Every structure is written in C-alpha cells, then in structure tokens.
Amino acid sequence: MSQPVSVPQPRRKISARTLAVIAMLSAVAAALMYIEIPIPVLIPSFVKLDVSDLPALLGSFSLGPVAGIVIAFLKNVLHIVLKGSSSAFVGELCNFALNAVFAVAAGLIYKFHKNRTGAILGSLAGAVAMGLFSVPLNYFLVYPAYAAAFGGMELIVEAYQTILPSVNGLLECLLIFNLPFTIVKGLLCAAICFLIYKPLSPLLHGRKD
C-alpha cells in the first residue's frame, strides 16, 4: 500500500499593505525619538523620556509580535542614518532591545487573548518585562560602555547622587531610578496606544469599521 505523499504548504506571503504599515510605523517611531523630555528632578538628565516605543506596540497588536520587533529595529536604523550615533551604537542597541521586549511580551499575550483585557494585561506585562530587562542590560552593557567612553562609572553614579545622595553603586541606582522609570515609560506608551488604537485600526488593519 503506497504511502500518502505530503504536499509542502506554501509560505505565507507578506502583503504590500503589511509592509507599508511597518514602514509607516517605523518612520513615525524614528521621528518620535527626536522628542526627548528630560526629567532632572526624578532621574539624571542623560536619561530622557520619549514615546518612540509606541509604534512598535501598535504594530505588535495589529500585525503580530514579529512586526513589533521589525519596527523597533528599523526605528533605530533610521535614527542612526538620519542623526548618527553619539554612543557608538550602544544607545541604539539598548533602545532596540528594550522596545523589542516590550512589544513582544505585549503582543504575545494579545495574540492569544484578542480583547481589551488581553491588551491591558499584555501592556502591563510588556512594561514590567521592559523595566526588569533594563536593569541587567544597563548594568552589564550600556553603562560600562558609557563609563569607558565618557569618563568613568563614578561620574554616572554621582549624577544619581545629586538627586538622592544616599544611593550607593550602579545597581542600586538602576533599581531605584531606571527600573520604575522604564516601567512608567511603557505604561505611558500603552495609555496612548489605548487612546489612538481604535481610530487607527482601519489604517493598521486595512479594513473599514
């Protein structure tokens, strides 16, 4: 008796609309990177608040987590091409990694729970995951690179001590300042996402309500 012949499934093609949406969101994200707000009372001025993680979150919700990663990557590539890098690409690498973690964590939860609750839980999980990941990423990669390039770790810690004199050591600085700051940044992007997602849904999904 002959064995059934398995027919390979054709690969799913990416539509032109999907590529256009990814390109559009990447361009918007790159533009948002120029809008940086220092909050020197709460965190050293070299750490600035921006909402450039928002387009990757929109893309992850509407097109899937992979799209979120692509948008986070293209955003930083565009930023390097247009503005260059003042950190030997370390800052852009950190931005990409954190944005990707945020978008993927949120997008994966939403993928399996496509409702408002899933979007809220995904956004919360993404913001917390981004905040937690920021600690080892900054401790082992970003800040050592900055210290080597710009004058030593002591200067970095001193910048935190001007806000909170009792802080001691880089890890404590990251836990007290950067961890909550990054989580709040993610929650801010999530809040904006909830405000604009429905009006943008026809554009993101290519359908009429």
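Please go through the stretch 102-131 and pick out each residue that is more than 16 Å from C189 (Cα to Cα), among the hydroxyl-bearing types (S, T, Y) and within 16 Å of the chain's Cα centre (by Cα). None; the set is empty.
Conditions (1) within 21 Å of the chain's Cα centre (by Cα); (2) under 28 Å from A16 (Cα atoms); (3) in contact (Cβ under 8 Å) with a residue 24 or more places away in the chain, marked per residue:
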residue: A100; (1), (2), (3): yes, yes, yes
residue: F133; (1), (2), (3): yes, no, yes
residue: Y146; (1), (2), (3): yes, no, yes
residue: P165; (1), (2), (3): no, no, no
residue: G169; (1), (2), (3): no, no, no
residue: T182; (1), (2), (3): yes, no, yes
residue: F194; (1), (2), (3): yes, yes, yes
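Where helices (runs of 4 or more DSSP H) sit wholly within the stretch 108-209, those with at least 2 residues that are of a type in the set (A, V, I, L, M, F, W, C) and loosely packed, with under 14 Cβ neighbours inside 10 Å occupy 143-150, 179-205.
Right, V70: open to solvent by 60 Å² or more (accessible area, probe 1.4 Å) and closer than 25 Å to L108 by Cβ or not? So V70 does not fit the description; no.
The values are calculated or read from the model by the stated rules, or taken from the named source; none is laboratory data. The structure displayed is predicted, hence computed values, not measured ones. Ideal geometry is used to build each Cβ from the backbone, glycine not excepted, and the neighbour counts take in all protein chains shown. With ligands, DNA and RNA removed, areas are computed over all heavy atoms of the protein, side chains included. Shrake-Rupley method; radii C 1.70, N 1.55, O 1.52, S 1.80 Å.
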